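Structure first, then comments.
The values are calculated or read from the model by the stated rules, or taken from the named source; none is laboratory data. Computed from a predicted model, the values in this text were never measured in an experiment. Positions of Cβ are generated from backbone atoms using ideal geometry, with glycine treated the same way; all protein chains shown enter the neighbour counts. The accessibility values were calculated without ligands, DNA or RNA, using every heavy atom of the protein model including side chains. Shrake-Rupley method; radii C 1.70, N 1.55, O 1.52, S 1.80 Å.
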Amino acid sequence: KNWMVAINNAFNTNIIGLKIEGNDIQPLEMIMPLQSKSLSSTRIIVVIGEKTNWEFLQVFLGSNKSAHSTILEIYLEEKATVKHGVVALGDKDANLLAYLAIDQENQSNYNLTTLQHNWDLCRFESKIIQKAGNAKTNIKGLQISKNNQQAAMHSLVRFNGPEGQLDQLQKAIASEVSHCIFNGAIHVPKIAQRTNASQLSRNLLISERARIDTKPELEIVADDVKCSHGATVTQLQDEELFYLRSRGIKINDATALLLKGYCEEI
């Protein structure tokens, strides 16, 4: 029923399947370049064995007038830990549609860090399910857009059991006439008692015509929970720029320093 999945299924004929288990597993880096003036489609399914620790980095590289549809499914068995990075670096007229589906079993730990930059259109969707609760999920994301680009992040985290944990921070920088979007949903049904979830969207506008839409949302039915969410939209502070310029730093260098500090957290 998801249109991004339907597009991938229409063009994709091959699936990569990985089973990762055991001790001393080496990190995996997967580089996925796009060919100019083409549409590519990939689908990857990963099963992480019980008590396995694994690091996985995906790098998407866009090229002129290219498009990429990708699906990644990760299943974490009990007490498994995954550190997952997604670095998406676009190019002129490049587009990326990325769909991520995560299933977490009891006492598993999933850590996701994403970067989206310089895509004409980039839409990243993540759906994370703690199947029995009692698991940890950490999400950090950064979107950077310029010109008339659009970068969108849509996330869903659902707790299907008690004592689940979530810490999510999403940042965005929009300049010129570009557009950044964040839509983050947290579902806490009645069975998910003693859930501890935090979601924060922090956004930076560095031009008068750029746009940012942000909608963090909580859907809570359980009555014994600790959940919070928030959103901020701001510009570079004149006081901070003045502080740097008063010490002999040029305006462009001062702006670059503040932007670097804003991104460092991710």
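Kindly indicate which of 18, 72 is closer than 22 Å to residue 136 by Cα and among the hydrophobic types (A, V, I, L, M, F, W, C).
Numbers: 18 fails: closer than 22 Å to residue 136 by Cα.
None of the others qualify; the one that does is 72.
Of all residues in the range 117-155, those satisfying the criterion of being open to solvent by 60 Å² or more (accessible area, probe 1.4 Å) and either within 19 Å of residue 186 (Cα to Cα) or small (Gly, Ala, Ser) (or both) are 127, 131, 136, 140. The residues on offer are 207, 201, and the sole one that is touching a residue at least 24 places away in the same chain (Cβ under 8 Å), small (Gly, Ala, Ser), within 30 Å of residue 252 (Cβ to Cβ) and assigned to a strand (DSSP E or B) is 201.
Taken residue by residue, the range 174-196 has no member that is in contact with a strand residue (DSSP E or B) (Cβ under 9 Å, 6 or more places away or on another chain), in a strand (DSSP E or B), open to solvent by 20 Å² or more (accessible area, probe 1.4 Å) and acidic (Asp, Glu). Only residues that are assigned to a strand (DSSP E or B), of a type in the set (Ser, Thr, Tyr) and open to solvent by less than 20 Å² (accessible area, probe 1.4 Å) were counted across the range 58-81, and they come to 2.
Applying a threshold of 8 Å to beta carbon distances and a minimum spacing of six or more residues, or different chains, the list of pairs starting in the range 244-260 at a residue that is open to solvent by 100 Å² or more (accessible area, probe 1.4 Å) and ending at one that is part of a helix (DSSP H, G or I) reads 245/251; 245/254. With respect to (1) in contact with a strand residue (DSSP E or B) (Cβ under 9 Å, 6 or more places away or on another chain); (2) open to solvent by less than 60 Å² (accessible area, probe 1.4 Å), the lone exception for residue 241 is condition (1).
Go through the range 214-238 and report how many residues are closer than 30 Å to residue 131 by Cα and open to solvent by 60 Å² or more (accessible area, probe 1.4 Å). Can you show your working first?
Residues of the range 214-238 closer than 30 Å to residue 131 by Cα: 214-231.
Imposing the further condition that a residue be open to solvent by 60 Å² or more (accessible area, probe 1.4 Å) reduces the set to 215, 217, 219-221, 223-224, 226, 229.
Residues meeting the conditions: 9.
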